[in-house]
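Just so you know, all these numbers are worked out from the coordinates, no wet-lab data involved. Since this is a predicted model, take the numbers as computed values, not measurements. Positions of Cβ are generated from backbone atoms using ideal geometry, with glycine treated the same way; all protein chains shown enter the neighbour counts.
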């Protein structure tokens, strides 16, 4: 467990250091996530220990953003003033994103399924 | 107040114990209600917890920074949890490698639609720069979205709530949009919900269909990366 946690923290630390050193406008933990993904690809598997620690963290992911979410009580005035713009943007953008992604994916996935059956077609 | 009782109060407000207990307890209440409601997206456990804790802070006259000073130990785990997203992403990736092209193009289209349409609608209706920055990464999972919003001048706490509301909207109304557009492919339905509505949409998709759940989970992980790379770029192009 400690080994897996150390690996995760090392990836995050490397990500944060890379962001600080390069000035990239990307969150450090996201670089850490890409780094861990590459390590898993090289290793060719997740492993039991890391799998257990990762699942425990992610199973309770929603709990982790409660403290930041509570901060919204400080900004109630702002939300009141810009409530219409925020609500409209959320509704339009979320539904449009579902529609566009779904349409593109269903067209492309169907073409892939109907396309000429290459050597990969029967592979698991 | 008697002497020992006020001493207890002084101790509690100085240590992280009260804030941590309050955070975990409020989330438990939220999750209990969520389960009782058959995991309906409208009864979101985070939203319930935020409302409960917000009410406690208002009633007890506690300032938010005092609460956060204790709750920051939970908050800290967001970073490691974000890194750990690589694990389900890796597991899904091996399964769906064959649809790589369809996935890449759909991801790009969905991620850009999410950011650009939110920025367009909100700025047409006169939102401030701060609100726009908080809004732009709203389709990415909360820890990533907060990390994107902050350097652009957004408010991470507002972003957290906007991300949750986006998830609720996508999970509750997304399937309706897909039905209206006659999109029946479970891969496409799952991928669309995961791209637009991250973890909240994914937990909904997992309840409905296993394939949809797998593609939704994949889309959530990929869109966290895509949003982190695209939104700062789009922001720089628009606002220079």
Residue span residue A:59 to residue A:41: 0.36 nm per residue of separation minus Cα-Cα distance leaves a gain in nm of 4.2 nm
Which whole-angstrom value gives the distance between the alpha carbon centres of region B:149-187 and region B:36-95?
-> 17
Only Cα pairs under 8 Å and at least 6 apart count here; give the relative contact order of region A:1-62 as a rounded whole percent.
-> 36
Cα-Cα pairs of chain B separated by more than 24 Å (percent) = 51
Shielding by other protein chains, A:18-28, mean Cβ within 10 Å | 4
List B:39, B:191 from most exposed to least, where exposure is judged by having the fewest other Cβ atoms within 10 Å.
-> B:39, B:191
If we count other beta carbons within 10 Å of each Cβ, what is the order of B:231, B:74, A:42, fewest first?
-> A:42, B:74, B:231
Do you know the relative contact order of chain A, to the nearest whole percent, from alpha carbon pairs under 8 angstrom that are 6+ apart?
-> 18
Region B:3-76: relative contact order from alpha carbon pairs under 8 Å, six or more residues apart, as a whole percent, is 37
With runs of 4+ DSSP H residues as the only contributors, calculate the mean residue ellipticity of the protein assembly as shown at 222 nm using -39,500 (n - 2.57) per run, divided by the residue total and rounded to the nearest 500.
-> -26500 deg cm²/dmol
Taking every residue of B:86-98, the Cβ atoms of other protein chains inside 10 Å of its Cβ average out to 6
Taking every residue of B:106-114, the Cβ atoms of other protein chains inside 10 Å of its Cβ average out to 6
Quick one: B:60, B:157, fewest Cβ neighbours within 10 Å first, how do they rank?
-> B:60, B:157
Between residue A:110 and residue A:52, what is the spin-label point distance in nm, taking each point 7 Å from the Cα along the Cα→C-beta axis?
-> 4.7
At R0 = 22 Å the Cβ-Cβ FRET efficiency linking residue B:233 and residue B:150, nearest 0.05, sits at 0.85
Report, please, the projected area of the protein assembly as shown averaged over directions, based on the convex hull of its C-alpha atoms, in nm².
-> 20.3
